[in-house]
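Let me begin by presenting the structure, written as C-alpha cells, before commenting on it.
Just so it is clear, none of the values below were taken in a lab; they were calculated from the coordinates. These numbers come from a predicted model, not from an experiment. Cβ atoms come from the backbone with ideal geometry, glycine included; neighbour counts cover every protein chain shown.
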Amino acid sequence: MVDLAKIQSFHDKTFDELSEPIDLLENTGAAFITHPGLRGISKSYTADELVGTITQDDMKMLILPADLTGAVAPIPKEGDRITWRGNQLAVMSVDKSTRSIQGTVLTYVLRVRG
C-alpha cells in the first residue's frame, strides 16, 4: 500500500531544499490575479523531450498544489504566467497526471516559455 502522506512529506522537503520563489499570475480573462510566494523547481527539457510543440526555449516548472492556497485555490492552466527570477514566463501547458498517485496531484508540471 502506498503511504501518500510520506510521499507528500518527501515532496515538501525536496521543494524546501531545491525550489526558488515564484509567483503564479492567474489569467481570469479580464485580468491577472497574482498568487505570490510559491515554490518552484525549474528543469530544462532534454534533447529527446524536444518533440511536438516543445522547443529549446521551453522549460519545466514544478509547483506543489499545497502552495496554492486561499478560498478558491487556483489550478495552473494554459494562459497563466509565472514570475521567476524577475522574468514573466507564459504557461504553455500543465501536466496534472505524471506526478500523481491514486488521483492525488503531488506536483504540477508546467511547460513555460519566455
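Assorted remarks:
- Peptides 83-91, 45-53, 9-17, 106-114, ordered by how many other C-beta atoms sit within 10 Å of their residues on average, highest first, read 106-114, 83-91, 9-17, 45-53.
- Lysines whose Cα lies under 24 Å from that of residue 77, excluding same-chain neighbours fewer than 8 positions away: 43, 60, 96
- Computed magnitude of the charge dipole of the chain (debye, nearest 20; Cβ of K, R +1, Cβ of D, E -1): 60 debye
- Label point distance in nm, residue 95-residue 7, each placed 7 Å from Cα along Cα→Cβ: 1.6 nm
- Calculated FRET value between residue 73 and residue 20, using beta carbons and R₀ = 35 Å, to 0.05: 0.95
- Centre separation in Å (Cα based) which lies between the stretch 54-95 and the stretch 1-26: 15 Å
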